[in-house]
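Step one of this worksheet: look at the structure below.
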Amino acid sequence: DTNGEAYSIPKWLDIKTKRIRERLGEEKDLPSVAEAKREIGNKMLGKMTEYEGFLNKRDAQRQQNRQTQRRQLVQQQRVERSRFHDQIKARQEAEAVARQSKFRKGLAGAWDFIRGENKRIKSENESEALRAKLRDQIQLDGLIMRQRNERLKLAQKVGQSRDKLRSDYASVAQDKTAFKAM
């Protein structure tokens, strides 16, 4: 067999030796066990080398795909962060204008100043601005964590692929050693 084990065909198949000789010919015409082992070992060694080349080619292609995926993910996340910062900036500007519009102008504004209404509006505006800044920071942290998790998932896929490849290489090396011994 492929592991180099020799079997007694008549015993293994439960057929008379005479029928085996009729089918396969005389034993002297067949290769010896050592010759058969050598032949199988050489053929399988060639196949293992061929498979190792296939693994190398597949690994190179996977590596290229992983780099492409990583570049695309990084680019996508940069665009997403840029849009998010633009949205935050536009919202902050709109909210600042809305807060500033609470102050009245002219004589009514002077009257509000005298009554202390400006001080109350200013305090309220500062509180709103602080809450808005906190809200924006929480949203940014959420975006950062989500993007980090996406990168971690990609890294885990890479690690799993790398582990599988190592396992395949180890298996091929073990098989090659066994076939060399044949």
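The values are calculated or read from the model by the stated rules, or taken from the named source; none is laboratory data. As the structure is a prediction and not an experimental result, all values here were calculated from the model. Note that we place each Cβ from the backbone using ideal geometry, even for glycine, and neighbour counts take in every protein chain shown. To get the accessible areas, we keep the full protein, side chains included, count just its heavy atoms, and leave off ligands, DNA and RNA. Shrake-Rupley method; radii C 1.70, N 1.55, O 1.52, S 1.80 Å.
Label-point separation (nm) for Tyr51 and Lys122, each offset 7 Å from Cα along Cα-to-Cβ?
It works out to 8.0 nm between the two label points.
Hey, in the GNM for the chain with a 10 angstrom Cα cutoff, which one of Ala155, Ala98, Ala170 fluctuates hardest?
Ala98
With label points built 7 Å along Cα→Cβ from the Cα atoms of Leu13 and Arg38, find their separation and express it in nm.
2.6 nm
If I model a spin label as a point 7 Å beyond the Cα along the Cα-Cβ vector, how far apart are those points for Asp29 and Glu95 in nm?
9.4 nm
How much accessible area does Asp29 have with a 1.4 Å probe, in Å² rounded to the nearest 10?
120 Å²
Rounded, prolate or oblate: which fits the stretch 35-97, taking a ≥ b ≥ c as square roots of the Cα gyration tensor eigenvalues, rounded meaning a/c under 1.5, else prolate when a/b beats b/c?
Since a/c reaches 1.5 and a/b is larger than b/c, the shape of the stretch 35-97 is classed as prolate.
Could you work out which residue, out of Ala108, Ala94, Ala132, moves most in a Gaussian network model of the chain, that is, has the largest mean-square fluctuation with Cα springs under 10 Å?
Maximum fluctuation in the GNM of the chain, among the listed residues, is at Ala108.
What does the accessible area of Met145 come to, in Å² to the nearest 10, when a probe of 1.4 Å is used?
That residue has around 90 Å² of solvent-accessible surface.
Note the full-extension length gain between Phe103 and Gln160 as 0.36 nm times their separation in residues minus their Cα-Cα distance, in nm to one decimal.
Length gained, Phe103 through Gln160: 14.5 nm.
Is there a quick way to get the dipole size of the chain? I mean about its Cα centre, with the Cβ of Lys and Arg at +1 and of Asp and Glu at -1; what is the value in debye to the nearest 20?
Here the size comes out at about 800 debye.
Give a quick list of GluC sites (Glu not before Pro) in the stretch 1-69 that DSSP marks as loop, anything other than H, G, I, E or B, with at most 13 other Cβ atoms within 10 Å.
Glu5, Glu26
Loop-only GluC sites (Glu not before Pro) in the stretch 101-156, please: DSSP not H, G, I, E or B, and at most 13 other Cβ atoms within 10 Å.
Of the GluC sites (Glu not before Pro), not one in the loops of the stretch 101-156 has a Cβ with at most 13 other Cβ atoms within 10 Å.
For the chain, which longest stretch is free of loop sites, where a loop site is one of the trypsin sites (Lys or Arg not before Pro) that DSSP puts outside H, G, I, E and B and that has at most 10 other Cβ atoms within 10 Å?
Excluding the exposed sites themselves, the longest stretch runs over 17-104.
Within the stretch 59-97, whose backbone N sits under 20 Å from a point 7 Å along Cα→Cβ of Arg131?
Correct set: 88-97.
Assuming R0 = 22 Å, what is the FRET efficiency of Arg151 and Glu80, from their Cβ-Cβ distance, to the nearest 0.05?
In this case the efficiency is close to 0.95.
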